[in-house]
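Every number here is computed from the coordinates shown, using simple stated rules; none is lab data. In this text, all values refer to a predicted model and were calculated from it rather than measured experimentally. Methodologically, a virtual Cβ is constructed for each residue, glycine included, from the backbone with ideal geometry; neighbour enumeration extends over all protein chains shown.
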Amino acid sequence: MIQDILPKIFNNQYIVKEAKDNDFIVQFENNAILLNTDNSFIKYSQIKDKELKLYYLFSIDNQNVFLTNSIKKSDFKKVEIRELRYFNNNWVSFVGITAYQINNWLIDNKYCGRCASLMNHSINERALICNNCNNIIYPKINPAVIVLIKDGNRAVLTKYKRGSGKYALVAGFCEIGETVEETVKREVLEEVGLKVKNIKYYKSQPWSFTDSLLLGFICDLDGDDTITVDEIELSEARWLYREEIPEFQNNTSLTQELISAFKNNKI
């Protein structure tokens with residue numbers, strides 16, 4: 001999956017640091033990231049303005065990653081954030097989208113939602129603090145479930161009404177007051193009209209494209225197998241046998257890994 005970057009090590013501990021020549025500098029323009037022409041990250045040694053305002057994000061191995069908004073754009077190229085998931089180097093994709101998530105959090109919380117005062121960076125943790133009313137805001141992380149519903153050698157695959165047209169799984173965000181198991185049951189019933197049992201946790205995945213933490217589950221059909229498609233969310237939902245499921249070119253997402261694992265009889 002996109003976060004599987006070994007042998008590189010991701011360290012998200014927040015520490016106030018000074019940039020060094022070999023460190024990475026990221027900057028975003030709407031939904032695009034600035035990169036070198038070879039799709040590598042900009043290094044601090046490439047920056048002419050050493051007075052550039054930088055915000056420390058995290059580190060990859062021994063290289064720190066900093067955020068700025070003052071780089072001269074004409075010196076570099078723009079790459080759409082969605083394109084990062086198709087890069088050959090998972091670690092580049094992961095660094096880019098994780099930095100993008102933090103960047104959006106900072107933009108969305110420039111001012112306090114309680115008193116409208118300017119927010120300030122905490123020096124002790126990754127948080128924004130209002131010095132006027134003491135409001136503290138942490139990065140937004142939305143929990144969501146990805147659900148593979150199986151019945152023997154077949155599983156329910158879906159296609160979104162808007163999107164690439166590729167096969168997906170029942171999915172949805174957790175609502176207030178719900179356990180993740182309750183979310184699984186509700187989303188399955190809402191999207192495909194089925195009831196499920198034997199809900200088992202599979203894996204999780206940080207998915208910074210939507211500020212989400214995805215939680216993968218496997219469950220069994222409970223009762224009637226008649227699918228009723230939620231036509232607002234989905235264009236299609238159907239039972240497919242293992243041999244009918246197409247191969248994915250890569251398994252960058254939890255959805256793709258779950259489908260591939262079922263197809264190859266691993267779950």
Calculated FRET efficiency, A32 and K197, Cβ-Cβ r, R0 41 Å, to nearest 0.05? 0.40
Residue among A99, A116, A171 with the largest mean-square fluctuation in a Gaussian network model of the chain, springs linking Cα atoms under 10 Å: A116
Correct response: the longest run of the chain lacking exposed GluC sites (Glu not before Pro), defined by DSSP loop and at most 13 other Cβ within 10 Å, is 52-124
Quick one: helix 90-108 against the long Cα principal axis of the chain, what's the angle to the nearest 10°, folded into 0 to 90? 70
So for the chain, considering every pair of alpha-carbon atoms, how many percent are separated by more than 25 Å? 53
Output for segment 189-258: trypsin sites (Lys or Arg not before Pro) sitting in coil per DSSP, at most 15 other Cβ within 10 Å, listed by number, reads K195
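Could you pull out the pairs from K140/K263; K166/K263; K20/K48; K20/K140; K159/K195 whose alpha carbons sit more than 25 Å apart here?
Listed pairs above 25 Å: K140/K263; K20/K140.
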Assign one of three labels to segment 10-108, namely rounded, prolate or oblate, based on the Cα gyration tensor with a ≥ b ≥ c the square roots of its eigenvalues; rounded applies when a/c is under 1.5, prolate when it is not and a/b is larger than b/c, and oblate otherwise. rounded
Output needed for segment 142-263: three equivalent-ellipsoid semi-axes, defined as square roots of 5 times the C-alpha gyration tensor eigenvalues, in descending order, whole Å. 19, 18, 15
Under a Gaussian network model of the chain whose springs join Cα atoms within less than 10 Å, the largest fluctuation of T179, T252, T158 belongs to T179
Can you give me the angle between helix 180-192 and the longest principal axis of the chain, using Cα atoms only, in degrees from 0 to 90, rounded to the nearest 10? 60
The chain, Gaussian network, Cα under 10 Å: of S122, S204, S212, the residue fluctuating most is S122
What are the ³J(HN,Hα) values, in whole Hz, obtained from phi via the Karplus relation 6.51 cos²θ - 1.76 cosθ + 1.60 with θ = phi - 60°, for each residue of segment 7-24 in sequence order, with x given for Gly and Pro? x, 6, 10, 8, 10, 9, 4, 8, 9, 6, 9, 9, 6, 10, 3, 8, 6, 8
Counting DSSP beta bridges with both partners in the chain, what percentage is antiparallel, nearest 5? 80
